[in-house]
Amino acid sequence: MREGHNSVLIIEDEADIRQLLRTLLEREGYAVSEAIEGRDGVRQFHQSHPDIVILDVGLPDLDGWQVLERIRDMSDAPVLMLTALSTERDKVRGLNAGADDYLTKPFGKVELLARLQAISRRQVNNKDLVTTFDDGTLHIDFAHQEVTVDGNPVVLTPTEYRLLATLARHQGQVLSSDQLIELAWDDPSGLAPSRVKYAVLRLRRKLGWDEGDDAPIETVRGFGYRYRSRSR
C-alpha cells in the first residue's frame, strides 16, 4: 500500500478515464470506488469516507467545484482535481477552493501517481501535530497561522508560513530543497531547487535573522536546510 492510503474515490463521468484510473490505482494497491455523477460522488464520500478523492471538474449534474465545496463541508481529505481546462485562473480557483492538487487532461500515469503520493505524504505529515511551536524565540500558532519572534508579530505570505512551519515541525532535521518544495508549496511541479534558496532568504529577512552561525534557519551546504533553536 502506498503512502499510508488505501482507498480512493474516483468521481469522473468519462468511462475510459475511470477504467484507466482504476487499473492504475489497483495495481498500486489502492481500493477503488467510482461515481459517474457529482451527487452520487458526494453520497459515496459521505458513506465510505475514502482516504483520497480524484475529482473531475466537468461533471454532468453538480460540477466539480460544487462537489468540492460539499466535500470540504464534511472533511479535509485530499482531493486531486482533473480537468480539461489548463488556464492559470482555473488552477488557482481549484487550489483556493480547497483542492490539494490540480492535474490537466491528458495526464501521464507517472505524474498522476507522483502527485497522489505527494499529497498523501502532506496529509500524513499534517496529522496529529501539536497546535503550537515555541522555543522561546519563535512562536507559531498552527491553528491560526500566526507567527511571532521575540513577542513581535511577523506577517508572512502563505508559502513563507508553510516553509517556516515545515522547518519548525522538523526541528533539528535537515530537509532537502526537494522535500521542502513538496511539503511547503501548493503546486510543487516544475519548481527548481533555487526557488527554495530565495524563499529562505526572504523568510530570514522578515524574521530578522541573518545567515550567521546562530541563525535558527541554517543552511547545511550540499544537503538542505534545518531549523535549530538559538542557544539561550
Exercise. Kindly establish whether Glu34 is in contact (Cβ under 8 Å) with a residue 60 or more places away in the chain and crowded, with 17+ Cβ neighbours inside 10 Å.
Key: no
Quiz item: Within the group Leu62, Leu25, Leu68, Leu21, which residue is assigned to a helix (DSSP H, G or I), modelled with pLDDT under 90 and either under 19 Å from the mean Cα position of the chain (by Cα) or crowded, with 18+ Cβ neighbours inside 10 Å (or both)?
Solution: Leu68
Quiz item: Since Ala215 meets every condition but one in (1) among the hydrophobic types (A, V, I, L, M, F, W, C); (2) closer than 29 Å to Arg115 by Cβ; (3) modelled with pLDDT under 85, which condition does it not meet?
Solution: (2)
Quiz item: Residues of segment 141-160 being outside any strand (DSSP E or B), in contact (Cβ under 8 Å) with a residue 24 or more places away in the chain and of a type in the set (A, V, I, L, M, F, W, C), which ones?
Solution: Val155, Leu156
Self-check item: Matching residues in segment 171-193 - criterion: being modelled with pLDDT of 85 or more and either more than 20 Å from the chain's Cα centre (by Cα) or outside any helix (DSSP H, G or I) (or both)
Solution: Gln171, Gly172, Gln173, Val174, Leu175, Ser176
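The values are calculated or read from the model by the stated rules, or taken from the named source; none is laboratory data. All figures in this text were calculated on a predicted structure; none of them were measured in a lab. With ideal geometry, Cβ positions are generated from the backbone for all residues, glycine too; neighbour counts draw on all protein chains shown.
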